[in-house]
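The values are calculated or read from the model by the stated rules, or taken from the named source; none is laboratory data. Since the structure is predicted, the reported quantities are computational estimates derived from the model, not experimental observations. For neighbour counting, all protein chains shown are included, and Cβ atoms are generated from backbone atoms with ideal geometry for every residue, glycine included. Remember, those area values only see protein heavy atoms, side chains included, never the ligands or the DNA or RNA. Shrake-Rupley method; radii C 1.70, N 1.55, O 1.52, S 1.80 Å.
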Amino acid sequence: MDVDMDERQIQARFVTKLNPPFKAPPSAITIPATVTRLGLSTIVNSLLKAGDPEWETQPFDFLIDGELVRMSLDRFLLAKGISAEKTLEIEYIKAVVPRKEEEPSLHDDWVSAVDGSCSRFILTGCYDGFGRVWKGAGVCSHILEGHTDVITSVSIINPLGIINHLLYSTTASKDQTLRLWKMDSEEGVDDVPAKIRPFKILRGHSASVGSVAVDLCTKQICSGSWDCRVNLWQTDVSSAEGDSVSIKKRKTKNGTEEPQLECFQGAPVSTLVGHTQQVSSLVWPELDTIYSASWDHTIRRWDAETGKDVSSIICGRPFNCLSVGGEGSTLVAAGGSTPILRIWDPRKPGTSAPVYQFSSHTSWISACQWHSKSWFHLLSASYDGKVMLWDLRTAWPVSVIESHEDKVLCADWWKEDCVISGGRDSKLRISSGVPVL
């Protein structure tokens, strides 16, 4: 590598926790002080190729003292007060950049909700009132029929273990109901989606239901609504036997026949009261704890057993989305009617100040989600049409995905190395090969 001899030089040693063949020689080398992240990546790839002629160039990110380098090396050292006179130890990791954009999965209307918690399937909700199950890009295996208005939220009830080929899920809608579904994972072959109906309808809200979350241990669900309430429900998936709902016809006033659903009805087992405006997002991260976000500018933590409001986080704007994860699965990320993604640490009582703030979006944040296996990584989606991937070790997004042509309404992780998102362009997009781990 050609270097201007008048340029300031730094002694550096490149280290990594990656397994071979990603390990470069540990000896220190001289590099330019003004080298950027791209230049550092070029150096590491050169070192790896020297030891393996068949090495294929890959993008890397770099950490110094646990913080990602996002400027030239000399500026970074100056900003952090790190001496350039000693040999630097620079850790390199795989860059969190999607390797491939899959073909879009088309819907008939806006894609309002998505769940990627099951590695075999993706569940989406749509403004046309249908839910859809996808085995991959463009491969729809099931269509969920039954709602009479927009589906606002979806959740898979048994993502970690499909029972007797059956996948259970729940959907929430503006029709003021939640519906429970069971799907045969072996159906939907030959490119013909299987059409299914719910085995149970949950009624108990007096306004649009905006969010649903599942406790993976008990298979209970909670729902948040425009009626300002959070309802808790039993799903009884273990006793969901027989066919899905049947359909009867009744005549309307104008003489036409209208389909009527017959199925098991369900009522909430308890209700959490405290919010004063729409409950927009829910998370049930552990057995006794539920988090709810609302347009009343608060995030509340509830004791699921007693129904008590344990603590609150107050912000100056309405919340649209909520996710709990990170270190110890305790950090609370949320976004709303500003372009700022905020993260709080509830282990620091007595303050509502966020411990992190990310402000690269240019419009409202519609979705956020922690990566299930990483303490550092999460994603956000926005009405600016972008999905951004974040690493807590830097204030800038590590990747920006611009695959949508309009507002992004929902996003999630899938298979640990894919980002899935839906939007106003009526498309489900899959960005694959994201090397978080």
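Can you tell me which residue among Thr271, Thr276, Thr306 is over 23 Å from the mean Cα position of the chain (by Cα) and part of a strand (DSSP E or B)? Walk me through it before giving the result.
Values: Thr276 fails: part of a strand (DSSP E or B); Thr306 fails: part of a strand (DSSP E or B).
Testing whether each residue is over 23 Å from the mean Cα position of the chain (by Cα) and part of a strand (DSSP E or B) leaves just Thr271.
Within the stretch 352-365, can one find any residue that is open to solvent by 10 Å² or more (accessible area, probe 1.4 Å), in contact with a Ser or Thr (Cβ under 6 Å, 6 or more places away or on another chain), within 22 Å of Ser311 (Cβ to Cβ) and assigned by TED's automatic domain parsing to the domain that holds Asp384?
no
Out of (1) part of a loop (DSSP other than H, G, I, E, B); (2) modelled with pLDDT of 95 or more, the odd one out for Ala333 is which?
Looking at each condition in turn, Ala333 falls short on (1).
Since Trp375 meets every condition but one in (1) touching an Asp or Glu at 6+ places or on another chain (Cβ under 9 Å); (2) modelled with pLDDT of 95 or more; (3) in a loop (DSSP other than H, G, I, E, B), which condition does it not meet?
It fails just one condition, (2).
Name the residue, out of Gly385, Gly423, that is at pLDDT 95 or above and crowded, with 24+ Cβ neighbours inside 10 Å. Even if it seems obvious, please write down each step before you answer.
Details: Gly385 fails: crowded, with 24+ Cβ neighbours inside 10 Å.
Selected residue: Gly423, the only one of Gly385, Gly423 that is at pLDDT 95 or above and crowded, with 24+ Cβ neighbours inside 10 Å.
For the list (1) under 30 Å from Ile162 (Cβ atoms); (2) among the β-branched types (Val, Ile, Thr); (3) open to solvent by 50 Å² or more (accessible area, probe 1.4 Å), I need the number of the one condition that Thr124 fails.
With respect to (1) under 30 Å from Ile162 (Cβ atoms); (2) among the β-branched types (Val, Ile, Thr); (3) open to solvent by 50 Å² or more (accessible area, probe 1.4 Å), Thr124 is out only on (3).
Give the residues of the stretch 271-323 that are open to solvent by 50 Å² or more (accessible area, probe 1.4 Å) and among the aromatic types (Phe, Trp, Tyr), sorted by residue number.
Within the stretch 271-323, the first condition is being open to solvent by 50 Å² or more (accessible area, probe 1.4 Å), and the residues that meet it are 271, 273, 276-277, 285-288, 295, 297, 301, 305-306, 308-310, 312, 314, 316-317.
Correct list: Trp295 only.
List the number of the failed condition for Asp412; all other conditions in (1) part of a loop (DSSP other than H, G, I, E, B); (2) open to solvent by 10 Å² or more (accessible area, probe 1.4 Å) hold.
The number of the failed condition is (1).
For Ser206, indicate whether it is closer than 20 Å to Ser294 by Cβ, outside any strand (DSSP E or B) and open to solvent by 10 Å² or more (accessible area, probe 1.4 Å). Give the steps one after another, and end with the answer.
Numbers: closer than 20 Å to Ser294 by Cβ: yes; outside any strand (DSSP E or B): yes; open to solvent by 10 Å² or more (accessible area, probe 1.4 Å): yes.
Yes.
So, in the stretch 309-323, of the ones that are over 23 Å from the mean Cα position of the chain (by Cα) and of a type outside the set (A, V, I, L, M), which residue ends up farthest from Thr338 (Cα to Cα)? Full working, then the answer.
Taking the stretch 309-323 first, the residues over 23 Å from the mean Cα position of the chain (by Cα) are 309-311, 316.
Then drop every residue that is not of a type outside the set (A, V, I, L, M), which leaves 309, 311, 316.
Working: Asp309: 26, Ser311: 23, Gly316: 10 Å.
That would be Asp309.
Here is a yes/no grid of residues against (1) over 27 Å from Val398 (Cβ atoms); (2) modelled with pLDDT of 95 or more:
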residue	(1), (2)
Ile43	no, yes
Ile82	no, no
Glu91	no, yes
Ile122	no, yes
Arg132	yes, yes
Gly136	no, no
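Going residue by residue through the stretch 179-192, is there one that turns out to be in a strand (DSSP E or B), open to solvent by 10 Å² or more (accessible area, probe 1.4 Å) and acidic (Asp, Glu)?
Among the residues of the stretch 179-192, at least one is in a strand (DSSP E or B), open to solvent by 10 Å² or more (accessible area, probe 1.4 Å) and acidic (Asp, Glu), which makes the answer yes.
Give the residue, chosen from Pro397, Pro346, that is of a type outside the set (Ser, Thr, Tyr) and either more than 22 Å from Val97 (Cα to Cα) or open to solvent by less than 10 Å² (accessible area, probe 1.4 Å) (or both).
Values: Pro397 fails: either more than 22 Å from Val97 (Cα to Cα) or open to solvent by less than 10 Å² (accessible area, probe 1.4 Å) (or both).
So the residue among Pro397, Pro346 that is of a type outside the set (Ser, Thr, Tyr) and either more than 22 Å from Val97 (Cα to Cα) or open to solvent by less than 10 Å² (accessible area, probe 1.4 Å) (or both) is Pro346.
Being hydrophobic (A, V, I, L, M, F, W, C) and within 18 Å of Ser112 (Cβ to Cβ) is the filter; apply it to the stretch 385-412 and report the residue that is nearest to the chain's Cα centre (by Cα).
Ala411
When you check Gly129 against the structure, is it under 23 Å from Ala207 (Cα atoms) and either outside the structural domain of Leu428 (by TED's automatic domain parsing) or surrounded by fewer than 24 Cβ atoms within 10 Å (Cβ to Cβ) (or both), yes or no?
Working: under 23 Å from Ala207 (Cα atoms): yes; either outside the structural domain of Leu428 (by TED's automatic domain parsing) or surrounded by fewer than 24 Cβ atoms within 10 Å (Cβ to Cβ) (or both): yes.
Spelling it out, Gly129 is indeed under 23 Å from Ala207 (Cα atoms) and either outside the structural domain of Leu428 (by TED's automatic domain parsing) or surrounded by fewer than 24 Cβ atoms within 10 Å (Cβ to Cβ) (or both).
Give the residue, chosen from Phe319, Phe264, that is assigned by TED's automatic domain parsing to the domain that holds Leu180 and modelled with pLDDT of 95 or more.
Selected residue: Phe319, the only one of Phe319, Phe264 that is assigned by TED's automatic domain parsing to the domain that holds Leu180 and modelled with pLDDT of 95 or more.
A quick yes/no check of all residues on (1) under 22 Å from Ile290 (Cα atoms); (2) touching a Cys at 6+ places or on another chain (Cβ under 8 Å); (3) part of a loop (DSSP other than H, G, I, E, B):
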position	(1), (2), (3)
Ser352	yes, yes, yes
Val400	no, no, no
His404	no, no, yes
Val434	no, yes, yes
